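Everything below concerns the one structure shown next.
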Amino acid sequence: MLKVYRILLEPNLQILQSVNVFLIEGEEPILIDSGYQESVGQLSIKLDEIGFKLRDISMIINTHEHLDHFGGNAVIKETSRAKVAAHELAIPLMEDMRKQLPSEKHLKGLPDVIVEYARMRSSIYENLKTAKVDVKLKEGDFIKVGDLFLEVLHTPGHAPGHICLYERENRILFAGDMITEKGTPFVDCLHGNIGNFIKSLERLHTLEIDRAFLSHGGEITEVRERIGEILQRELVIEQKLLEILKNGEKEFSELVEEVYGGKGFPYFTYNSVLAHLLKLRDENLLKVEKKAGKFVISLL
Ligand SMILES: [Zn+2]
Ligand SMILES: [Zn+2]
């Protein structure tokens, strides 16, 4: 059986979310994700409390290329012999974070709330120390942990290089950001892909999972039900969009207003609607046009 410790890291900056990293006990302790760069001190203290030292970490496996999951890599590598492993698509985006940021050209013409958020994110990314990734992972790889194996499942959508780690014998999943305890995981319309996210979740839905360790939240046991709820919520948004558009073209912010009824933090609601619109556009179900400086969406 895997002995897993959940370590909650709470950053000082209010705009940043708390995140869990997981330590797997063994002769060669493994860390799943490394948290924020600024949280490494906190991680070191919390490891001491459970009888481990940061310098003893032999490997960090990053679930994906977001700064709450791999930000600590460089600092941990300086104080330990840890090797870093990540999915092959995540590696270039982790070694040079500028590659994750949309270009000004890409942002041109997008709704203001999306552009403001993207610029704010760029400013956070600029100060991050990055580290070389040592081990390139891909779908179907196995990582030996004592007598057991963690299977690499490539689950793109939340991020292109997102992986989940599955221990088949004891039906344990390290879910990264694919599953949250409440609500739905955030899928950034600029960097993520909601269509891929849904496909990846559908795949996880078919697996036998007794325990899932979540990066945001805790540990859950009713895993299939939770995945089903997330899928259902995404489906409802998509159906609402299509239903509204049946009555004729709509301007983007009107569409957000109708889908969310004025509730929710604007960046999240705008992002969610835009992510779904991009998916439906890729499926040739609708078109997005710019009329008098505004986005107008209509069914095809
Ligand atoms: Zn993430
Ligand atoms: Zn996250």
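Data for the structure
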| item | result |
| --- | --- |
| Charge dipole of the chain about the Cα centre (unit charges at C-beta), most positive-ward option of 159, 216, 247 | 247 |
| Separation between Cα centres of the range 233-278 and the range 91-142, rounded to whole Å | 25 |
| Mean Cβ count within 10 Å, highest first, over the residues of peptides 259-272, 76-89, 150-163 | 150-163, 76-89, 259-272 |
| Computed over the range 106-188: relative contact order in percent, which uses C-alpha pairs under 8 Å that are six or more apart | 16 |
| Share, in percent, of DSSP beta bridges within the chain that are antiparallel, nearest 5 | 70 |
| The range 42-158, dipole about Cα centre (Lys/Arg Cβ +1, Asp/Glu Cβ -1), debye to the nearest 20 | 320 |
| Burial ranking of peptide ranges 191-198, 227-234 (average Cβ count within 10 Å, highest at the top) | 191-198, 227-234 |
| Exposure proxy ranking, count of Cβ atoms within 10 Å, fewest first, for 240, 129 | 129, 240 |
| Footprinting exposure proxy for 106, 216, 276 (fewest neighbouring C-beta atoms within 10 Å first) | 106, 216, 276 |
| Across 3/136; 3/99; 108/129, pairs whose alpha-carbon gap is larger than 31 Å | 3/99 |
| Taking 36, 117 and counting other C-beta atoms within 10 Å, the order from fewest to most | 117, 36 |
| Positive-end residue, the chain charge dipole about Cα centroid, Cβ charges, pick of 87, 146, 59 | 87 |
| Cα-based Rg and Dmax for the range 213-300, where Dmax is the largest Cα-Cα distance (Å) | 15.2, 51 |
| Most fluctuating residue given options 201, 13, 242, as computed from a GNM of the chain linking Cα atoms under 10 Å | 13 |
| Compactness of the range 143-300 as Cα Rg over 2.2 N^0.38 Å, two decimals | 1.17 |
| For the range 35-43, 3J(HN,Hα) per residue [Karplus equation, 6.51 cos²θ - 1.76 cosθ + 1.60, θ = phi - 60°, Hz, x = Gly/Pro] | x, 6, 4, 6, 9, 5, x, 4, 4 |
| Mean separation of Cα contacts under 8 Å (6+ apart) over length of the chain, as relative contact order % | 12 |
| Taking the C-alpha atoms of the range 8-81, convex hull volume expressed per residue in Å³ | 76 |
| Nonlocal amide H pairs with residue 141, under 5 Å, H built at 1.01 Å | 152 |
| Electrostatic dipole magnitude of the chain [Cβ: Lys, Arg +1; Asp, Glu -1; Cα centre; debye, to 20] | 680 |
| Amide H partners (placed H, <5 Å) of residue 83, local residues excluded | 59, 60 |
| Vicinal HN-Hα couplings computed from phi for the range 15-22 (Karplus, 6.51 cos²θ - 1.76 cosθ + 1.60; Hz; Gly/Pro x) | 6, 9, 7, 5, 9, 9, 10, 10 |
| Acute angle (nearest 10 degrees) that the helix 266-282 long axis makes with the longest principal axis of the chain, alpha-carbon atoms | 80 |
| Farthest toward positive dipole pole in the chain [+1 Lys/Arg, -1 Asp/Glu at C-beta], among 21, 111, 41 | 111 |
| Residues of type lysines that residue 182 reaches as a straight line, Cα spacing below 24 Å, ignoring anything fewer than 8 places off in the same chain | 199, 240, 263, 279 |
| Residue 162 long-range amide H proximity, modeled H, under 5 Å | 155, 157 |
| Relative compactness, the range 71-110, computed as alpha-carbon Rg over 2.2 N^0.38 Å | 1.61 |
| Phi to ³J(HN,Hα) by Karplus 6.51 cos²θ - 1.76 cosθ + 1.60 over the range 285-296, Hz, x for Gly, Pro | 9, 8, 10, 10, 10, 9, 10, 6, x, 10, 7, 10 |
| Prolate/oblate/rounded call for the chain, Cα gyration tensor, a/c under 1.5 rounded | prolate |
| The range 1-84 - charge dipole about Cα centre, Lys and Arg +1 at Cβ, Asp and Glu -1, debye rounded to 20 | 140 |
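Laboratory data are not the source of any read-out in this text; all were calculated from the coordinates shown. Note that the structure is predicted; figures quoted are calculated from it, not measured. A quick note on method: Cβ atoms are made from the backbone with ideal geometry, for glycine too, and the neighbour counts reach across all protein chains shown.
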